[in-house]
1. Hey, which of these cross-link pairs are over 25 Å Cα-Cα: LYS87/LYS110; LYS88/LYS110; LYS3/LYS43; LYS3/LYS87?
2. Determine one quarter of the surface area of the Cα convex hull of the stretch 71-162, which equals its mean projected area, and express it in nm² to one decimal.
3. Taking 1 over the mean of 1/r across every pair of different Cα atoms in the stretch 122-180, what Kirkwood radius in Å do you get?
Amino acid sequence: MAKTVAAYKEKMKELSVLSLICSCFYPEARNNLICEFEDMEVKPINKRASGQAFEVILKPPSPTSDAAHNLNSPPRKRDMSLEDIQKKLEAAEDRRRSQEAQVLKALAEKREHERDVLLKAMEENSNFSKLAEEKLSLKMEQIKENREAHLAALLERLQEKERHAAVVRRNKELREELSA
């Protein structure tokens, strides 16, 4: 049916070109023009305000028409031998194996990529842990050094006060001895 419609559209294109040519050569006979093709007849209808109108009459197919226009029978399939069928089955099996191999290869690549990503993440986590541990140990050492320096400074100040107190006591005892 689709081929018949396509053929009809093609004929209508030919008709419009034919109508234009005929109207140029025979302007007075344009209204009475009847075009006849092998499988259809075209008759003009009175001209309308919106353009031209045609009546298309399709003829029934004649028994002498070409076999090319016969669309009722599907194209013949050639008989296939057992070898041809075997070859096609083997080709299909090869295609299936190839496709399966490609899918497996893609999955293997995806797993390898996931493994690489996981290893990289673990390495980065390990490096981060090591850096954090090193920073913490350096900070603890700095705190320890600062504490020891602070304690040494306090001890030094305390010893200085004790020396000063000892000097003051000795001076006091000397004054008491001298005044007594």
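Nothing in this text is a laboratory measurement; each read-out follows from the coordinates by a stated rule. From a predicted model like this one, the values you see are computed outputs, not experimental measurements.
1. Long pairs (Cα-Cα over 25 Å): LYS87/LYS110; LYS88/LYS110; LYS3/LYS87.
2. Computed as one quarter of the Cα hull surface, the answer is 12.5 nm².
3. Radius from the Kirkwood sum: 15.6 Å.
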